[in-house]
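Shown next, in structure tokens, is the structure this report addresses.
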Amino acid sequence: MPETRSRTILWVGAAATALAAVFFPHLEAVKNEDRPIWEFWPHDREGMILVPLIIVLTVALFALLGGWAWSARTGSNRPARVGLVCAILRLVGVLAFWLSAPIILGGLGLTLGLEGQRRAGTEGRGLQALAAIVVGAVAFVVGAGIWVLA
């Protein structure tokens, strides 16, 4: 049962991150293009391609990388390490903000950091998990800020 609960947390993180990665760019369109906030699904060709792509990319990244990190049973606290790497990669993601990479990688880093923090008592790497949480949260906020303030 604990494994099912842990996977649920991973998928909640994936869903929240995918929604945010689509929602914050939408806020930018509301602000700069006078689009109604309730008109969530894009009506332009670019948005029709990018929105599903962003959702699929987010779910795939959480499933593959997040699932791999989550399934480690060796006592190495892989979620803390992978979360930290994802959170640091958000720096590169800022260059690709139009794909919501900082939000996606920051969300993954934050989610894995939280799991790493939960495992830190028995597997160690508590500081890496904390760093993944902090850097992931900053990446998420920076990515959202880019869309809101752009």
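Overview of values
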{"quantity": "Residue check for Glu115: modelled with pLDDT of 80 or more, among the acidic types (Asp, Glu) and crowded, with 22+ Cβ neighbours inside 10 Å", "calculated": "yes"}
{"quantity": "Residues satisfying the stated conditions in region 30-70, i.e. within 22 Å of Leu149 (Cα to Cα) and within 21 Å of the chain's Cα centre (by Cα)", "calculated": "Phe40, Trp41, Gly47, Leu50, Val51, Ile54"}
{"quantity": "Residue within region 91-110 that is open to solvent by 20 Å² or more (accessible area, probe 1.4 Å), at pLDDT 80 or above and in contact with a Leu (Cβ under 6 Å, 6 or more places away or on another chain) present", "calculated": "yes"}
{"quantity": "For Ile37: the one exception among (1) farther than 16 Å from Ile103 by Cβ; (2) crowded, with 17+ Cβ neighbours inside 10 Å", "calculated": "(2)"}
{"quantity": "Enumerated helices (runs of 4 or more DSSP H) restricted to region 44-150, each holding at least 2 residues that are under 17 Å from Ala16 (Cα atoms)", "calculated": "45-61, 78-93, 101-123, 126-149"}
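The values are calculated or read from the model by the stated rules, or taken from the named source; none is laboratory data. All values derive from a computational prediction rather than experimental measurement. Because the Cβ atoms are built from the backbone with ideal geometry, glycine has one as well, and the counts that use them run over all protein chains shown. Only protein heavy atoms, including side chains, enter the accessible area calculation; ligands, DNA and RNA are left aside. Shrake-Rupley method; radii C 1.70, N 1.55, O 1.52, S 1.80 Å.
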